[in-house]
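Student: Structure in structure tokens, see below.
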Amino acid sequence: MDGHWEGAIKQPAGELSLVVEFTTQSDSIKGAFTLSAAAVFQWPVSITNDSSKVTFRLPNGLIFDGELQGDTISGKVPSPTGGHVDPVLLDTQTSTCPPLQGRGSSIPERRRQSRRDVEIAAHE
């Protein structure tokens, strides 16, 4: 599960891109959560992983419940405003490039290009 994961929260008003970094340290998994649309950068998350079940808690108390299946984690998170639960899909990214933030690109466009290609294009 270690590594860089990107995805989106699918809300009724549209998708919110997010990034989660997972790192195994001793017997526990540490994480950092970024949701740039909400000005949330590198929030520490508490993570539990039991076989394929993945749960993490954000500092504001929201809990993500999901399932690890190969290179994807799919799950749900309650809306911070209440009233509904939103689906979430994360895909692992094998590149060592830093996360893209505030570029305005959609998740499907990012999936068509490797992160290395995006970084090289940004510096040309």
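Student: Out of all the residues in segment 100-116, is one or more modelled with pLDDT of 85 or more and either under 17 Å from Met1 (Cα atoms) or of a type in the set (Asp, Glu) (or both)?
Tutor: Keep residues of segment 100-116 that are modelled with pLDDT of 85 or more, which gives none.
No, segment 100-116 has no match at all.
Student: When you scan segment 30-45, how many residues do you find that are over 10 Å from the mean Cα position of the chain (by Cα), surrounded by fewer than 18 Cβ atoms within 10 Å (Cβ to Cβ) and part of a strand (DSSP E or B)?
Tutor: Count: 6.
Student: Considering only segment 6-13, I want to know if a residue exists there that is in contact with a His (Cβ under 9 Å, 6 or more places away or on another chain), β-branched (Val, Ile, Thr) and surrounded by 15 or more Cβ atoms within 10 Å (Cβ to Cβ). Please lay out each step first, then the result.
Tutor: First, pick out the residues of segment 6-13 that are in contact with a His (Cβ under 9 Å, 6 or more places away or on another chain): 11-12.
Adding the requirement that they be β-branched (Val, Ile, Thr) leaves none.
No, segment 6-13 contains no residue that is in contact with a His (Cβ under 9 Å, 6 or more places away or on another chain), β-branched (Val, Ile, Thr) and surrounded by 15 or more Cβ atoms within 10 Å (Cβ to Cβ).
Student: Step by step: first the residues of segment 12-29, then only those that are in contact (Cβ under 8 Å) with a residue 40 or more places away in the chain and over 20 Å from Pro59 (Cβ atoms), then the one that is nearest to the chain's Cα centre (by Cα). Which residue is that?
Tutor: In this case the residue turns out to be Glu15.
Student: Please verify whether segment 4-11 includes one or more residues that are part of a strand (DSSP E or B) and without any contact (Cβ under 8 Å) to a residue 60 or more places away in the chain. I'd like the intermediate steps shown before the answer.
Tutor: Step one: filter segment 4-11 for residues part of a strand (DSSP E or B), giving 4-11.
Next, from what is left, pick out any that are without any contact (Cβ under 8 Å) to a residue 60 or more places away in the chain: none.
Checking segment 4-11: not a single residue is part of a strand (DSSP E or B) and without any contact (Cβ under 8 Å) to a residue 60 or more places away in the chain.
Student: OK, next. I need the full set of residues from segment 31-43 which are farther than 14 Å from Phe64 by Cβ and not aromatic (Phe, Trp, Tyr), in order please. Can you show your working first?
Tutor: First, pick out the residues of segment 31-43 that are farther than 14 Å from Phe64 by Cβ: 36-39, 41-42.
Answer for segment 31-43, where residues must be farther than 14 Å from Phe64 by Cβ and not aromatic (Phe, Trp, Tyr): Ser36, Ala37, Ala38, Ala39, Gln42.
Student: Another question about this same structure. Looking at (1) farther than 21 Å from Val85 by Cα; (2) in a strand (DSSP E or B), which is the only condition Met1 fails?
Tutor: That leaves (2) as the condition not met.
Student: From the list Val77, Val54, which residue is at pLDDT 85 or above, under 13 Å from the mean Cα position of the chain (by Cα) and closer than 20 Å to Gly14 by Cα? Reasoning before the result, please.
Tutor: Values: Val54 fails: closer than 20 Å to Gly14 by Cα.
So the residue among Val77, Val54 that is at pLDDT 85 or above, under 13 Å from the mean Cα position of the chain (by Cα) and closer than 20 Å to Gly14 by Cα is Val77.
The values are calculated or read from the model by the stated rules, or taken from the named source; none is laboratory data. Bear in mind that the values here come from a model prediction, so they are computed numbers and not experimental data. Methodologically, a virtual Cβ is constructed for each residue, glycine included, from the backbone with ideal geometry; neighbour enumeration extends over all protein chains shown.
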